[in-house]
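Here is the structure we will look at.
The values are calculated or read from the model by the stated rules, or taken from the named source; none is laboratory data. Bear in mind that the values here come from a model prediction, so they are computed numbers and not experimental data. With ideal geometry, Cβ positions are generated from the backbone for all residues, glycine too; neighbour counts draw on all protein chains shown.
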Amino acid sequence: MQDQLHSVIPHASKLQSFLGIHQIEQKVHQCQRYIDDLDKDDRAKEVTIKMKENNEVEKIIKKLGSLGELTVVKTDMDLKKETSVRREAQVESQEQSNINNMTINIEKMIEINMANVSMVSDMICLIDGRLLIVEWGAKVNLLTPDGKLLKHLPIPGQAFSVTQINQDTIAVTFPNKKSIKIFNMENETVTKVITLDKSCWGLSSSDDSLVVGLIDDEIRIIDLEGNTLKSIQVKCASNLNYLVYCNDRVIYSDYYGKAVYCVDQLGKQIWQYTQDLSRPFGLCTDTYGNIIVADQESHRIIVISKDGKESKVLISDGLKYPRFICLKPNESSGFICDYTGKDLTKFNLSSG
């Protein structure tokens, strides 16, 4: 797999490199699981055989007695596992993710054909390129990549935030019911309802787990059965409406506090960004972990480097009150939507 990594990086495009590294990571993960399984049984035991010599050798030979005592000692081995395949790709990734070279190219402006929508609360781009736009406290709408309404998904209740779990499955928060509904888009059925002890707002997903913002002081990571995996205590002047989970970190916007925060799974703040933000709402991450923020009141789109140390204004005019921004998974194309749900901007993100 190291040989594969060496061949992928120099001779492939950026997208091919990303996909190739992702495939290698999956193989490494399978190998790691196999090694972890070895830790649990006798296949990964180091065996030492010791013999205690009997000095009365001649008597033993004559009597055909015991030639000594054998003992078998099993001790746990230190299986030195090195799971990162990004070590040699980091130099390349750092160059590609330099936000100073990043630009947004507007492809077209689209008028959305949803009637009687007063306010939008969330928007995501699905794996297949279609869009989900949630009316605040109302319906979840499925749209084509050109902004044409396909249908209202039959999910009862007052929806707020949505995330995609896999090709056919999404999850939706319902703050007034303190619940999350898992919905199969192919069968158009609610397959599970997860009830929580607090009002749930923003939602993100990764590796068969959900990351949900609870009111303004807790980010909880749960499995798809609703069991708590991590509880992260945070401080936020607004409700935790907009967050993303990336590389074991949670990035969330605080629109009243005019800030964007990054915390680890233990709740330790890694960085905070407050420079020139007027009202940050929706946010997403690119393939390198940089954070792209819709700063509604300044009518700007801003990118923050993944370490929180640098930033750049990508769009400073031409948009009116942008509240949501999303990228198609593992691609550089995406959408920006205003808070009314009437104007949709299709764009391409360039890093060179």
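Tabulated data
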| quantity | calculated |
| --- | --- |
| Complete set of residues in the range 102-117 that are in contact with a strand residue (DSSP E or B) (Cβ under 7 Å, 6 or more places away or on another chain) and not in a strand (DSSP E or B) | MET102, ILE112, ASN113, MET114, VAL117 |
| Enumerated strands (runs of 3 or more DSSP E) restricted to the range 204-310, each holding at least 2 residues that are of a type outside the set (Gly, Ala, Ser), surrounded by 18 or more Cβ atoms within 10 Å (Cβ to Cβ) and touching a residue at least 24 places away in the same chain (Cβ under 8 Å) | 209-214, 218-223, 243-246, 249-254, 259-264, 280-285, 291-295, 300-304 |
| Test: GLU135 is under 22 Å from VAL303 (Cβ atoms) and over 23 Å from the mean Cα position of the chain (by Cα) | no |
| Matching residues, the range 143-163, being buried (at least 18 other Cβ atoms within 10 Å of the Cβ) and in a strand (DSSP E or B) | LEU143, ALA159, VAL162, THR163 |
| Count of the range 301-318 residues which are modelled with pLDDT of 90 or more and within 21 Å of ILE112 (Cβ to Cβ) | 2 |
| Test: residue in the range 332-346 that is touching a strand residue (DSSP E or B) at 6+ places or on another chain (Cβ under 8 Å), part of a loop (DSSP other than H, G, I, E, B) and farther than 25 Å from VAL117 by Cβ | yes |
| Residue list for the range 287-305, filter: in contact with a Lys or Arg (Cβ under 9 Å, 6 or more places away or on another chain) and not hydrophobic (A, V, I, L, M, F, W, C) | THR287, TYR288, GLY289, ASN290, ASP295, GLN296, GLU297, SER298, HIS299, SER305 |
